[in-house]
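What follows is a short report on a single structure.
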Amino acid sequence: MAKKNNDFFVEKKPWSVVKDELLGCYFMPYVSKILHTYKPLVYVDCFAGKGKFDDGKPGSPLIALDVIDKCKESTRMESTQIEATFIDLYYADDLRNNLKNYPWVKIVSGKYEDNLANILQGKEHSNVFLYIDPYGIKALKCSVFDKLSKKNFNSIELLINMNSFGFIREACHVLGTSFNDREIFDDLVEFEPTKMDRTSESIEELNAIAGGDYWQEIINQYKNGIIDGYEAEARFSEQYCKRLGESYKYVLNMPLRIKKGQRPKYRLVHATNHPDGCLLMVDNICNRWEALQEIQSSGQLSFFEENYDNQIIDDTEIANKVIVHFSQYKVNTSLHESLAEFFVEYGPICSTGTVKKILKSLEASGQICITRNPCITKYGKAATYMSEDKNQKVYVRWIK
């Protein structure tokens, strides 16, 4: 087992700020929306840490619980059904102390993969949200996520922090090459770096994490000089999300980087089978773009690249992508489903509102048919709305 970084929780590092910022900002609209399903919400933080850093800054548990409190206070619902469980292998006692103001929460000491089945037992028809920010890549067994997708939950969402370069580093070790780019790992502080060796057991372990052996061809291409390390990481991340896509219909791959000009060194992966969850995450990313850049006083913190080639995507390019994507829908298709599929294909390159605006212009030019149900407003006018809920549906169909 790799040596743990005992100073990890002394001070909250930029990586943790970014990840927790996104969690908090997404979790607020998510909880507000989920409460109106009138189904229980089960929130599980699988690697909760201490709950609070030694410098006093809140960790993911306190951030999530603060959101839950605010949502409970703001709702007009007479009662809410929310359960929160925080798991940690090393710091359960610290968690109990730092979360003492929340006596209703459950704290579990141990590995999340050993306890998750018991925590979710009897939670059928609930809304389940898992925050998975692992100490090392070994905990990210793809089979665990596959099994969860087959449960009869009302909805399930995973927010996974994937140390993709950590995977590439160990994959190189296992296949007899090295990846020692100091720029990558100097400012990527890990609590418990995964260390593997050149054995068949390590290969099987990496297969289990990746959900297949596709990574081996990528590393062999890197080993033979066909691609560089950054391309290897990008290809692995793309294939990893496609693998998750076998169990979850909507998977977003969001590159993270600390400083402007750097390549992404970390991946945030959001997986769900519900289109609304995907669209909510897209808008959360876009809304927090500027705020995330200002987390560091230097203003150098960037959240995700404009695209995988590090090129800016302008309005014309977005419009062209919308046309290419939506031209495939020859029969009436749910607007939210088709929108979510757009962002799965291209990533969170813009807000959902930007795509909706382009679709309305295509509707006006007669290139796409948008059917709304109901089609008439309560004032007797033709409906123009571009959102779906339990009382209204929108369908798109390419007609050009």
**OP:** Enumerate the amide H contacts of I82 below 5 Å, restricted to partners 5 or more residues apart or on another chain; note that Pro and chain-start residues carry no placed amide H.
**Re:** L41
Original post:
Using Cα-only point scatterers and the Debye equation, what is log10 of I(q)/I(0) for segment 1-146 at each q in 0.15 Å⁻¹, rounded to two decimals?
Top reply: -0.79
Original post:
Ordered by residue, what ³J(HN,Hα) values in Hz, to whole numbers, does segment 46-54 give under the Karplus form 6.51 cos²θ - 1.76 cosθ + 1.60, where θ = phi - 60° and Gly and Pro are x?
Top reply: 7, 9, 6, x, 8, x, 8, 7, 5
Original post:
What are the ³J(HN,Hα) values, in whole Hz, obtained from phi via the Karplus relation 6.51 cos²θ - 1.76 cosθ + 1.60 with θ = phi - 60°, for each residue of segment 167-177 in sequence order, with x given for Gly and Pro?
Top reply: 5, 4, 4, 6, 4, 5, 4, 5, 9, x, 9
Subject >> Value of D in µm² per second that Stokes-Einstein yields for segment 14-293, Kirkwood Rh from Cα pairs, at 37 °C (0.692 mPa s) >> reply: 168
Subject >> Protection proxy ranking, peptides 385-393, 267-275, average beta carbon neighbours within 10 Å, highest first >> reply: 267-275, 385-393
Original post:
Do any of K52/K141; K123/K242; K12/K150; K123/K360 go past 32 Å between their Cα atoms, and which?
Top reply: K12/K150; K123/K360
**OP:** Give K356/K393; K72/K357; K39/K138; K111/K147 a once-over and call out the pairs whose C-alpha atoms are over 22 Å from each other.
**Re:** K72/K357; K39/K138
Subject >> Rg followed by Dmax, in Å, when segment 328-372 is reduced to its Cα trace >> reply: 10.6, 27
Original post:
So, in nm, how far is label K33 from label Q328 when the simple model puts each one 7 Å beyond its Cα toward the Cβ?
Top reply: 2.2
**OP:** Compute the separation of the alpha-carbon centres of segment 341-373 and segment 55-126 and state it in Å as a whole number.
**Re:** 37
Original post:
Got a sec to turn the phi values of segment 391-397 into Karplus ³J(HN,Hα) couplings, 6.51 cos²θ - 1.76 cosθ + 1.60 with θ = phi - 60°, whole Hz, x for Gly and Pro?
Top reply: 9, 8, 10, 10, 10, 10, 8
Original post:
Computed over the Cα atoms, what is the radius of gyration of segment 55-125 divided by 2.2 N^0.38 Å, N being its residue count?
Top reply: 1.23
**OP:** Once you have all Cα-Cα distances for segment 315-398, histogram them in 5 Å bins from zero and send the whole-percent values.
**Re:** 3, 14, 27, 26, 17, 8, 4, 1
Subject >> Over segment 315-398, relative contact order from alpha-carbon pairs under 8 Å, at least 6 apart, % >> reply: 42
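Read-outs: derived from the displayed coordinates by stated rules, not from any lab. Because the structure is predicted, anything quoted here is derived from the model rather than measured. For neighbour counting, all protein chains shown are included, and Cβ atoms are generated from backbone atoms with ideal geometry for every residue, glycine included.
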